[in-house]
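The values are calculated or read from the model by the stated rules, or taken from the named source; none is laboratory data. Keep in mind that this is a model prediction, so the values were computed, not measured. Cβ sites come from the backbone with ideal geometry, for glycine too, and all protein chains shown count toward neighbours. Each accessible area value is taken on the protein alone, full model and side chains, heavy atoms only, with ligands, DNA and RNA left out. Shrake-Rupley method; radii C 1.70, N 1.55, O 1.52, S 1.80 Å.
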Amino acid sequence: MQAPLEAMVFDRLKSVTSQDVAHAAGVSQATVSRVFAKRGNVQPITAEQVRRVAGELGYRPNVMARAMRTSRTGTVGIVVSRLGNPLYPLMLQTLGPKMVDAGLRMVVWSVDESDETCAIDAIKERSVDGVLMMTATAESSALREVVKSGLPVVLINRVVDGLPLDQVESDNRAGGTCVAHYFAATGRRRIALIGGPQAPSTIRNRDLGFRDQLAALGAPLKKQLTAYVENFSYAAGFAAAMRLLELATPPDAIFCANDVLALGARDAARRRGVRVPEDLWLVGYDDIDMAAWDAFDLTTIRQPINEMCQIATDLLVARIGGSTKTPGKTVVPNDLIIRGSTGRHPFPALG
């Protein structure tokens, strides 16, 4: 006969079933199944009791068995690139708890250097229930593959016009417009832009909003005060800003297409002995954590990451659940966050 301690260890090693959870929680097995499948009407107090008991017993739903029954894996794929930009790790960090709350797990595919093989293979094999894409462009082979597969897909951050997909973005064009108005209305006269490749909708729309507003205000962007980089890195921002600051008549304000470029531009100004904000104003885009550090104190456009991630998660969950609602684009407003790189000068009234 086993000793009591040995029996306890043996019992712990056995696979805990949903029947065990149901018996311990005083509910039916069907109720346990509904709680973990997040379907059906289960009272919140009952669902909490089931989850508590399941945790105490060490119960884990059998994902493979559920997949066989429902043709779902409980897993979604996240396609991202440029993880060196702190914006994307922040988005992943924000998405994680929201996916967990929705009863889903994430698998992340980084497709830097145009290597999308892993994502495409998983899509073809339908090893995920849906796909959320952060860095899509019209040229993305992973995007074409997921559209062809018929899997539920949501684009977040970057959008691609003309596709019948759910898409979520912040108002990048309005962000560029806001920065242009801020510069012009506060007396900046030699206004510059550090931009980048136009394939991403984010950069393209920021550029358009900035240029169009300056033109509308009678101060069109001058060619010699425009620098385009091939990648959105600190080094690229540093080099571009150095070129602009070496001009015979350097800019007194620079708008950078993202914060990483702006951080490089800020250090270029230090290298050149250019005072920020006394001689030069700098504005970035995204409001990554480093933008608020004392060393940079960067004025920037803040994207509403939490709201965007929640909307995208809800849309993907609905599509996985069979929603037939006509796909559309959700555009979320963003905010100008004023810091020391523009002297904390308040935003002037419009009109």
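Some values worked out for this structure:
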| item | result |
| --- | --- |
| Rounded D (µm²/s) - the chain, Kirkwood Rh over Cα pairs, Stokes-Einstein at 10 °C, 1.306 mPa s | 69 |
| Segment GLU48-HIS345, extension gain: residue separation times 0.36 nm, minus the distance between their alpha carbons | 101.9 nm |
| Given the chain, longest segment not containing exposed loop GluC sites (Glu not before Pro) (DSSP; at most 10 other Cβ within 10 Å) | 1-138 |
| Loop trypsin sites (Lys or Arg not before Pro), the range 286-351 (other Cβ atoms within 10 Å of the site Cβ: 15 or fewer; DSSP) | LYS325, ARG344 |
| Per residue, in Å², the accessible surface of the chain once ligands and nucleic acids are set aside, probe 1.4 Å | 50 |
| Listed residues HIS345, HIS181 arranged by accessible area, highest first, probe 1.4 Å | HIS345, HIS181 |
| Two-decimal Rg/Rh across the range 216-351, once Rg and the Kirkwood Rh are taken from alpha-carbon atoms | 1.09 |
| Mean Kyte hydropathy of -0.5 or more with a Cα span along the axis of at least 15 Å, helices from DSSP in the chain | 44-57, 87-101, 172-185, 234-245, 259-272, 305-320 |
| Solvent-accessible surface (1.4 angstrom probe) belonging to SER28, in square angstrom, nearest 10 | 60 |
| Surface accessible to a 1.4 Å probe, LYS222 within the full protein complex, Å² | 100 |
| Amide N of the range 284-315 lying under 17 Å from the label point, which is placed 7 angstrom from the Cα of ARG270 along Cα→Cβ | 284, 289-299 |
| Length added when fully stretched, THR186-SER28, from 0.36 nm per residue minus Cα-Cα | 50.1 nm |
| Mean-position separation - Cα centroids, the range 292-351 and the range 268-287, in angstrom | 23 |
| Hydrodynamic radius of the range 238-316 per Kirkwood, over alpha carbon pairs, in Å | 13.5 |
| The chain: relative contact order in percent, alpha carbon pairs under 8 Å with at least 6 residues between | 14 |
| Accessible surface of the chain, 1.4 Å probe, proportion on carbon and sulfur as whole % | 53 |
| Lysine-lysine proximity count for the chain, Cα under 28 Å, sequence distance 8 or more or distinct chains | 14 |
| Gained length - LYS223 relative to ASP335, 0.36 nm times residue gap less alpha-carbon distance | 37.5 nm |
